[in-house]
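In what follows, a single structure is set out as structure tokens and then discussed.
The values are calculated or read from the model by the stated rules, or taken from the named source; none is laboratory data. Just so it is clear, the structure is predicted and the values come from calculations on it, not from any experiment. Don't worry about glycine lacking a Cβ; one is built from the backbone with ideal geometry, like all the others, and counts go over all protein chains shown.
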Amino acid sequence: MEAAGATQGDSDAAAADAGELDTPSPGGSENAGAPVADDDPAADSTQFAALPPALDPEARPPDIADPSTTRAARLRVGVLLPLSGAYAATGRELFLAAELALFELDATGVELLPRDTASDADMAREAFLELAADGVSLVIGPLFGWTTEAVMPEAGRRGIPILALSNDVSVAGRDAWMLGVHPRGEVRRIIRHVLAAADQRIGLIAPETGYGNAVVEAYRLEVAPHNRSGVVRYSEDSEPGAVVQQFVDGAQGAVNRPVDAILIAARGNALRAMAAELAYRNVAPDRVRYLGLSSWRTSDLQGEPALVGGRFADLPEDSLRQFALRFRRIYGTPPSRTAALAYDAAAVAANLAAVTPDRRPARLLAPQGFRGVLGAFRLLPDGTVERGFDVYEVTRDGYSLLEPAPARFTRAPQG
């Protein structure tokens, strides 16, 4: 599997590690899961109280095995995760993240009911049926597309919404949202950031993987045919020089009149090598803007001078840093980005508990969306999730924030 939030298929159980993090800026964790403020006074804008500035360092949520987690609640929430088998450690991490959200938001009106899927479709379906018999009104999970797909028919028949942690949008549907981060939003953000003039041309270099397929699809949706300047795919064993030469040969006039920008959907050594080869072949960064996606953040951007000035889209990092610090302080290990998805899903559940059952469907589809540790997001009627992305610029020392994600969503969801 590829990195969480980066594949067309499922979220990776071993998502990008938060690593060593700086001291967070104050206030960034407030109102997680609460609706984003909206100028329309008719919009539902119930807010959670801000988190305390410093939680008791000795305090921690109940453990997954602690029977005290069961209590009378206004909202019973099923949690379908792989608590046994190859992904048991990941499943436990995700449940702890969900518990942490309820603990920090003081969401005493929510009860989490964990059930094991063992990453198996049949077990996921049986576990869901158990939860339905227990009277759950919402389900967080499953983690993978195939387990989510097994659950969806039963959930649809019973009208139980699903906040799945997969990013496999092919199984998304009404009342079954894929919270995993899909490349579509990143591509849209970085393309719209640079595509200002009608005659600008943008090329694409992408891997021959499920992730690459998703990037190509998003590129073709976002870039009109007359603005495209060639799409080149590469495999794991492709030689960077050959990939770049293929791009130069295929982009008409690329040497005499370079494209305006190139989206390079690569990471690590492949990214640095391709950038160097582009510069060598006269498609240099002083003439062409190099663009990237979240995979750039996990690369050593200082390793190639040609990347300086390049720009990439990724989720806002301040709230994620704060979440990672709190999670590591309590549990002793840094969380994956997928754990942040579980936290946000539980925070949405806490938000639903604050309203009457008849208002919960509208709250889930609130056009102003929700605040989360992965930034603002909103659930769309087709089961996909729209997110806000920052734009970063590569510097000689790494990268810096160039353009923050919009403070609020536009009224109409993007297509």
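A few remarks follow.
- Residues in segment 277-298 that are assigned to a loop (DSSP other than H, G, I, E, B), free of Cβ contacts under 8 Å to residues at least 60 places away in the same chain and not charged (D, E, K, R): ASN282, VAL283, ALA284, PRO285, VAL288.
- Matching residues, segment 84-111, being under 23 Å from the mean Cα position of the chain (by Cα) and either closer than 17 Å to ALA155 by Cα or among the hydroxyl-bearing types (Ser, Thr, Tyr) (or both): TYR87, THR90
- For segment 320-349, filtered to residues that are within 13 Å of the chain's Cα centre (by Cα) and of a type in the set (Gly, Ala, Ser), the residue that is farthest from LEU113 (Cα to Cα) is SER336.
- Test: residue in segment 145-153 that is out of contact with any Asp or Glu (no Cβ under 9 Å at 6 or more places or on another chain) and touching a residue at least 40 places away in the same chain (Cβ under 8 Å): yes
- Of the residues making up segment 86-139, those that are among the charged types (D, E, K, R), within 23 Å of ARG74 (Cβ to Cβ) and surrounded by fewer than 21 Cβ atoms within 10 Å (Cβ to Cβ) are ASP106, GLU130, ASP134.
- Index of the failed condition, PRO335 passing every other in (1) at pLDDT below 95; (2) in contact with an Asp or Glu (Cβ under 7 Å, 6 or more places away or on another chain): (1)
- Residues satisfying the stated conditions in segment 169-184, i.e. within 19 Å of PHE312 (Cβ to Cβ) and of a type in the set (A, V, I, L, M, F, W, C): VAL181
- Residue satisfying all of: in segment 272-294; more than 21 Å from ARG228 (Cβ to Cβ) and crowded, with 21+ Cβ neighbours inside 10 Å; farthest from the chain's Cα centre (by Cα) among these: ARG272
- Under the condition of being surrounded by fewer than 18 Cβ atoms within 10 Å (Cβ to Cβ) and at positive phi, the residues counted in segment 380-398 number 1.
- Answer from VAL216, VAL187 - the residue that is at pLDDT 95 or above and buried (at least 24 other Cβ atoms within 10 Å of the Cβ): VAL187
- PRO334 vs. criteria within 26 Å of LEU401 (Cβ to Cβ), assigned by TED's automatic domain parsing to the domain that holds VAL110 and surrounded by fewer than 23 Cβ atoms within 10 Å (Cβ to Cβ): yes
- When segment 194-206 is filtered for residues that are surrounded by fewer than 22 Cβ atoms within 10 Å (Cβ to Cβ) and under 22 Å from ASP314 (Cβ atoms), the ones remaining, listed by number, are VAL194, LEU195, ALA196.
- Residue in segment 193-201 that is basic (Lys, Arg), under 20 Å from the mean Cα position of the chain (by Cα) and more than 14 Å from GLY292 (Cβ to Cβ) present: no
- Condition met for TRP177 (in a strand (DSSP E or B), of a type in the set (Phe, Trp, Tyr) and in contact (Cβ under 8 Å) with a residue 12 or more places away in the chain): yes
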